[in-house]
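Take a look at the structure set out below.
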């Protein structure tokens with residue numbers, strides 16, 4: 001170490017140490033703003049998209065989304081960042097790269113010439129403070145001189161439960177080149193795939209429970225082939241569709257005259273579960289005679305008819321009572337003396353003004369209306385009605401021959417059920433216990 005003339009070696013060392021400490025403090029002071037301040041509650045905001053929406057003759061191979069702050073690689077509501085973007089058309093999963101404030105989506109195989117693309121960013125992008133974007137974005141552009149105008153819309157239902165299939169994945173697969181146009185159904189099951197060219201498509205709706213884009217196990221789906229000219233609507237009926245026929249899952253005794261069957265797959269809506277399809281035998285192989293087989297729809301219809309009939313009877317009864325009361329009141333009023341009419345009290349209104357209270361505005365219940373599928377619902381619940389009561393505490397075997405599922409497959413299955421023991425009756429033969437009280441004569 002070189003020391004300036006006139007400064008001792010010890011004093012030079014102390015001076016250098018002080019200079020290093022001062023430089024370190026200066027470096028710390030310049031590292032950034034001190035921590036603190038109000039917490040960040042604003043979601044990440046999209047500031048630039050490339051290419052612009054409605055752009056024509058686009059060149060390049062990627063779509064870029066730039067935000068006003070660093071976004072997380074783990075969005076909310078989907079397994080990964082790639083699942084946050086739906087590209088139509090596509091030939092497989094798109095590549096997604098993350099660069100702090102920018103996310104870049106690269107369609108598999110690059111952008112095709114003379115093709116209209118729809119890229120949807122789903123809600124779920126979050127920043128490093130876990131603030132989520134809840135709106136998403138839809139981007140449309142073309143690699144050719146025009147935008148395609150065709151569209152397919154509709155609604156996806158869980159066919160068995162007759163309820164909308166929220167967030168179902170819908171794809172229109174072009175035939176024969178297999179380009180995929182996709183969309184996601186909303187909370188009411190409604191979907192629309194826009195900016196499509198005319199042609200023939202395989203339309204598929206999937207209730208994708210694990211969000212992997214593949215029909216797995218017992219997941220519900222529906223497919224049909226459509227020809228698109230300009231626009232069309234289709235109702236998608238998602239159900240379990242595999243190569244097995246319907247079979248008996250459980251057999252429960254409801255009462256001494258009713259047996260309830262739950263099927264493991266929905267029946268074909270054209271299949272009639274007639275009594276000849278079923279046979280019931282006791283443990284000694286003797287045949288048990290039963291009366292009829294009803295579906296859940298038959299039972300619900302009978303209950304509704306009973307309620308409707310009772311309501312009509314109650315309405316007639318109330319009308320009869322009201323007429324009788326009105327007649328009695330009119331007779332009583334005719335016999336009573338007419339009281340003197342008091343002079344009218346001032347109301348503060350001009351003569352002839354209406355005094356009737358205006359009717360209340362009707363309540364808007366449109367948001368509470370749950371859409372129902374127009375097609376006939378498949379059957380999963382059956383009721384077997386017996387002519388005579390079954391013996392208690394006895395086992396029986398019921399067999400269903402060739403039940404046909406919604407896919408057309410048939411299967412024969414059987415289940416054993418046991419009737420319950422009779423309820424024990426309280427024993428009243430014993431003398432009442434002595435309470436120690438005496439009765440006076």
Note to self: Ranking request for peptides 70-83, 207-220: highest mean number of other beta-carbon atoms within 10 Å first, then the rest in descending order.
What the structure shows: 70-83, 207-220
Check: When only C-alpha pairs under 8 Å and at least 6 residues apart count, what is the relative contact order of the range 46-238, in percent?
Finding: 19
Margin query: Treating only the Cα positions of the range 46-238 as identical point scatterers, give the base-10 log of I(q)/I(0) from the Debye formula at each q in 0.14, 0.15, 0.18 Å⁻¹.
Written below: -0.81, -0.93, -1.28
Item checked: Shape parameters for the range 194-240, alpha-carbon atoms, Rg then Dmax in Å -> 12.5, 35
Margin query: Suppose we take every Cα in the range 272-342 and form the convex hull; what volume per residue is that in Å³?
Written below: 180
Next item on the list: Can you put 224, 403 in order of Cβ neighbours within 10 angstrom, beginning with the fewest?
Entry: 224, 403
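What number do you get for the range 65-121 when its Cα radius of gyration is normalised by 2.2 N^0.38 Å, N = residues?
Cα Rg divided by the expected 2.2 N^0.38 Å: 1.17.
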Next item on the list: Can you tell me the alpha carbon radius of gyration of the range 194-333 divided by the globular rule-of-thumb value 2.2 N^0.38 Å?
Entry: 1.84
Check: Per residue and in Å³, how big is the convex hull formed by the alpha-carbon atoms of the range 102-199?
Finding: 139
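Bear in mind that the values in this text are calculations on the coordinates, not laboratory data. The structure presented is a predicted model; accordingly, all values stated were derived computationally and were not measured. Reconstructed Cβ throughout: ideal geometry from the backbone, glycine too, with neighbour counts over all protein chains shown.
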